[in-house]
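Let me begin by presenting the structure, written as structure tokens, before commenting on it.
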Amino acid sequence: MRRFRFVVTLFLLALFMGCAGTRKPDPEMQRRVEYVKGAMTAVANALQFYYNDHGFFPKGMATLRDADYLALAPDVEREWELKYYTGGGQVMMVEAISRSTMPDGEGHKIIYRLPDESWEGYGITEFP
């Protein structure tokens, strides 16, 4: 009987270990991630167009909107705070940080690094 319990315990432990780290995004999360990635790409493009036209980057997102370089869907702005970082005449990074109104909660980050066009964070390399 002891041996049977040991084998069952070992089997369950192996099963749990095999499942560790295999979480995949659910379809709704993946849809949200793709949606905000599209908005982040639009921000990066708008920043570059603004820079090409004016020779400098805008002071904030409001300037991009007011100058008609960028129009984001209301739900993106309601669920995500978008920030950007520039340097050397180019956009270096666009960052999205989820707000409390986002279905999975606040504090999740998605980072788009433009020099190497890499993505990381919520739903890409991290899963809640």
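Just so you know, all these numbers are worked out from the coordinates, no wet-lab data involved. In this text the structure is predicted, and so the values were computed from the model without any measurement. Heads up, the Cβs are rebuilt from the backbone with ideal geometry, glycines too, and the neighbour counts pull from every protein chain shown.
Here are some conditions: (1) of a type in the set (G, A, S); (2) surrounded by 14 or more Cβ atoms within 10 Å (Cβ to Cβ); (3) under 14 Å from I110 (Cα atoms). A42 meets all but one. Which one does it not meet?
With respect to (1) of a type in the set (G, A, S); (2) surrounded by 14 or more Cβ atoms within 10 Å (Cβ to Cβ); (3) under 14 Å from I110 (Cα atoms), A42 is out only on (3).
Based on this model, can you work out whether A71 counts as loosely packed, with under 11 Cβ neighbours inside 10 Å and part of a loop (DSSP other than H, G, I, E, B)?
yes
Taking interchain pairs and intrachain pairs at least six residues apart, which have beta carbon atoms under 9 angstrom, with the first residue in segment 66-83 and closer than 18 Å to F49 by Cβ and the second polar (S, T, N, Q)?
That search, which allows pairs on different chains as well, returns Y69/N45; Y69/T63; L70/N45.
Within segment 87-112, restricting attention to residues that are within 18 Å of L72 (Cβ to Cβ) and of a type in the set (G, A, S), which residue is surrounded by the most Cβ atoms within 10 Å (Cβ to Cβ)?
Restricting to residues being within 18 Å of L72 (Cβ to Cβ) and of a type in the set (G, A, S), the top hit is A96.
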